[in-house]
Amino acid sequence: MLQDKIQDVFNEPGCATNQAKSAKEKKKGCTKSLKPGAAAGGCAYDGAMIVLQPIADAAHLVHGPIACLGNSWDNRGSQSSGPQLYRTGFTTDLSELDVIGGGEKKLYRAIKEIVQQYDPPAVFVYQTCVPAMTGDDIAAVCRFASEKLGKPVIPVDAPGFVGSKNLGNKLAGEALLEHVIGTVEPEYTTPTDVCIIGEYNLAGELWLVKPLLDEIGIRLLSCISGDGRYKEVAQAHRARVTMMVCSQALVNVGRKMQERYGIPYFEGSFYGVSDMSDTLRTMARMLVERGADKSLIDRAEGVIAREESRVWRRLEPYKPRFDGKRVLLFTGGVKSWSMVSALEGAGLTILGTSTKKSTKEDKERIKKMKGEEFHQWDDLKPRDIYRMLADHQADIMMSGGRSQFISLKAKVPWLDINQERHHAYAGYDGIVNLCEEIDKTLSNPIWRQVRQPAPWESGPSSTLLAAE
Amino acid sequence: MSHIQRFPSAAKAATTNPLKMSQPLGAALAYLGIDRCLPLFHGSQGCTAFGLVLLVRHFREAIPLQTTAMDQVSTILGGYDNLEQAIRTIVERNKPAMIGVATTGVTETKGEDMGGQYTLFRQRNPDMADTALVFANTPDFAGGFEDGFAAAVTAMVERLVEPSPVRIPTQVNVLAGSHLSPGDVEELRDIIEGFGLSPIMLPDLSLSMAGRQPTDFTATSLGGVTVEQIRAMGASAATIVVGEHMRVAGNALELKTDVPSHFFSRLTGLEASDKLVRLLMELSGKPAPARLRRQREALVDAMLDGHFFFSRKRIAVALEPDLLYAVTGFLADMGAEVIAAVSPTQSPVLERLKAATIMVGDHSDLETLARDADLIVSNSHGRQGAARIGVALHRMGLPMFDRLGAGLRVQVGYRGTRELLCDIGNLFLAREMDHEGRGHGDAHGCGGGSCGCNAV
Ligand code: SF4
């Protein structure tokens, strides 16, 4: 069962990388087999959780020993404008006895307890490695619980060892397609209903975008899954257009919604000025093509024109401050690339980036945009990054939290642009936020101080004289 | 072990807002206190990523941690190949002095004979004889963080320590339990060195986890007790064992080396600190240094000044067993009433706890038990529940991801006890001075302080 699903996900026709492969390679899928002793990154369960947990009113129950949830809960910044149940960590916390005797009964009891105590609109149940090995059939338990308790109980079959985070994203998408999307009819629909896929409202980013959609007159019927409600996700099949935010992660959902319900999809991004404008433009155009009133396009253009002139005006003061400053960018995939033009527009020089998670197309696009001499590193070791930074080849590094210490230990400014960040960088306002954060970091007086030698280190004795 | 049955575990099937963390994570922390060590999880890669993120958020340090990257196929076939390949790769790439292996749920479900695999590895890889290897069994589905830490320390003692024909009278071993922060370990070293003794701390997080500025970036731990030092523990005059969960490792050490051990269940509190100082005076034959005398006087003074605010205060505590014991003991010393003590796992130390209710449970149990408490003491995960019931939260233990300097807090010895006393006392004092009642609602003006409200 799970194997079929994984094959299916690997055979994704909506994924360009996938289509470029031979039939045999396709079978192998997109998970490289990992090198023991040199692998990093999350597991499939992790990836599934990332996609589904932002559904804020649902209960998320992890079936497994304590490792999978106990070490990881409460570590993501998806925000909710209402219900908080998604922040509660539920797990069956399997013990030795459950491993020997099977955990299915305990799982059912756990679901029942949660339903009785919290009465959520639905319970998501996540399969993890150990019960997958011992053969717990979570799909059967969920079906049974669902009947008994009269609530949707959704199995998410993505035990960690089947693959990477990325595969887990897709398997979560499969769970939604199979059990959720299309199960609830909206009270009413409009010609401008859209569904956004792959936006998790980290640091409240969706809220920088939604007011613009409202103003244009586009209704966000369902966002998968940032600030999500179970019911909204369940009625996503009535959207007129789907937007895929992170094309790699959930392309299977967008494509299958097109197949099943005839909803066209496009890939867009909320990061960077021109990408943001393109996104609004495309959304409006596609809605009009599907029968929405033509005035939608004019309203979109109006908002775009106003916001663009506003954002460039607001970025103006940063230009002299950013002059000559060099940025090292380390982040996966497409996201960073949509930020590049905006950052350069604000006067920064982007030195190079890692392309570890980028596709061939991404790389081509980078080359086209930046020329051949621009650095692209496939696999740069932390030690090499450290050396580059310590040698002052860059003025700031932007990356995810795991690599922050490479930069900080080299006493070079660092900015978090991944999921644990506390600032929202989406939309027009987000770019201004980002520049503000860069400026704050770059201009902090600590950098001069921490690079001073200690009093007992030999060095220019001018420090004393310079001290007022 | 019949004695631990007295404490009820929650009868729930769903653990809600877990307090428990898994064994391998505890083992990883212990291994991180060894110089140039690379901890390795024998399991799928996800467990490693989660453990790594948790430790990074707590210590705000780069955390070296690797995985044998077991996938579905290797899980079925058995994990030896992955283990061997991982160790070889790590040695080639990073040249660590030691690799500390911890099994996980994935490898333990299949059941792998780690002793046999160790022998096999050594036979097949004579070129790697220089790298110390320690294997600990740490299944995710049994025990918890503290047990994993204990298993790793015991494994290191058994694998590395050697008996010695000589005794160095000034050398003492310290088995430092997981409830000691890097700051605590540092404090302990200071105290011991004050008597002219040289301690070997196993593990020594104070050197690796308390904020280093290396001149190069390494993929192994940087600083900590060295493998040579661990080997030399057999030549010490005495071993100081700190924490109930270090008892097994302490016994193993004594059995192997004949070095007599002295057991301390806690080092927080006036009497507990006195006991340590008395031992150190005996071991060294020296009087207590002036600095310690001043610190003791200051603690006595702080107890006199502070007891008003602690008397009869109702406090609920949820922490790892040995830290739970240390903190509830200290609170009782100060005249506070511990209304509830929640432990993530069973432990013999629960037997000796003084609290109205003692249970093995999670943060949701704590939330229920703490409804009319004056204070909650727990890790950062306690913030959601504390905010819901409107009780102030004093953060201790791990993880503490929403405060700076989590690893540097000192709560042992006279100085550390005084710091803890002031930190908690100030929470009570602030409330009395501000005329603020309990059960504060949304707009309670905590300013995002330590009250645990959502302002963070
Ligand atoms: S790899 Fe498996 S056992 Fe480890 S966290 Fe992921 S699901 Fe859990």
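The values are calculated or read from the model by the stated rules, or taken from the named source; none is laboratory data. The model shown is predicted, which means the values in this text are computed figures rather than measured ones. No Cβ is skipped: glycine too gets one built from the backbone with ideal geometry, and neighbour counts run over all protein chains shown. Note: accessible area is taken over every heavy atom of the protein model, side chains too, but ligands, DNA and RNA are not part of it. Shrake-Rupley method; radii C 1.70, N 1.55, O 1.52, S 1.80 Å.
Some notes on this structure:
- Residue in the range B:392-402 that is basic (Lys, Arg) and within 23 Å of the chain's Cα centre (by Cα) present: yes
- The range B:380-438 - residue that is in contact with a Cys (Cβ under 9 Å, 6 or more places away or on another chain) and of a type in the set (Gly, Ala, Ser) and, of those, nearest to the other protein chains (Cβ to nearest Cβ): B:ALA387
- When A:GLU205, A:GLU232 are checked against the criterion of being out of contact with any Ser or Thr (no Cβ under 9 Å at 6 or more places or on another chain), more than 14 Å from chain B (Cβ to nearest Cβ) and acidic (Asp, Glu), A:GLU205 stands alone in meeting it.
- Only one of B:ALA102, B:ALA152, B:ALA86 that is among the aliphatic types (A, V, I, L, M), closer than 19 Å to B:CYS47 by Cα and within 9 Å of chain A (Cβ to nearest Cβ): B:ALA86
- Among residues of the range A:57-78 that are in the same structural domain as A:ILE111 (by the TED database), those with a beta-carbon under 6 Å from a residue that is of a type in the set (Val, Ile, Thr) and near the ligand (Cβ under 10 Å from one of its atoms) at least six positions away or on a different chain give the pairs A:GLY64/A:THR128; A:GLY64/A:VAL130; A:PRO65/A:VAL130; A:CYS68/A:VAL62; A:CYS68/A:THR128; A:LEU69/A:VAL62.
- When B:SER347, B:SER343, B:SER380 are checked against the criterion of being among the hydroxyl-bearing types (Ser, Thr, Tyr) and in contact with a Phe, Trp or Tyr (Cβ under 7 Å, 6 or more places away or on another chain), B:SER380 stands alone in meeting it.
- Matching residues in the range B:255-274 - criterion: being crowded, with 16+ Cβ neighbours inside 10 Å and outside any loop (DSSP other than H, G, I, E, B): B:THR257, B:SER261, B:HIS262, B:PHE264, B:LEU270, B:ALA272, B:SER273
- Residue match in the range A:204-220 (condition: outside any helix (DSSP H, G or I), touching an Asp or Glu at 6+ places or on another chain (Cβ under 7 Å) and within 16 Å of the ligand (Cβ to nearest atom)): no
- If you check A:GLY228, A:GLY217 for being touching a residue at least 40 places away in the same chain (Cβ under 8 Å) and open to solvent by 10 Å² or more (accessible area, probe 1.4 Å), only one passes: A:GLY217.
- The range B:201-218 - residue that is among the hydrophobic types (A, V, I, L, M, F, W, C) and buried (at least 20 other Cβ atoms within 10 Å of the Cβ) and, of those, farthest from B:MET156 (Cα to Cα): B:PHE217
- Within this structure, B:GLY425 fails the test of being touching a helix residue (DSSP H, G or I) at 6+ places or on another chain (Cβ under 6 Å), without any contact (Cβ under 8 Å) to a residue 60 or more places away in the chain and surrounded by fewer than 24 Cβ atoms within 10 Å (Cβ to Cβ).
- Helices (runs of 4 or more DSSP H) fully within the range A:102-187 that include at least 1 residues being away from the ligand (no atom under 16 Å from the Cβ), within 14 Å of chain B (Cβ to nearest Cβ) and in contact with a helix residue (DSSP H, G or I) (Cβ under 7 Å, 6 or more places away or on another chain): A:104-118, A:138-149.
- Within the range A:244-268, tally of residues that are open to solvent by 20 Å² or more (accessible area, probe 1.4 Å) and either free of Cβ contacts under 8 Å to residues at least 12 places away in the same chain or part of a loop (DSSP other than H, G, I, E, B) (or both): 5
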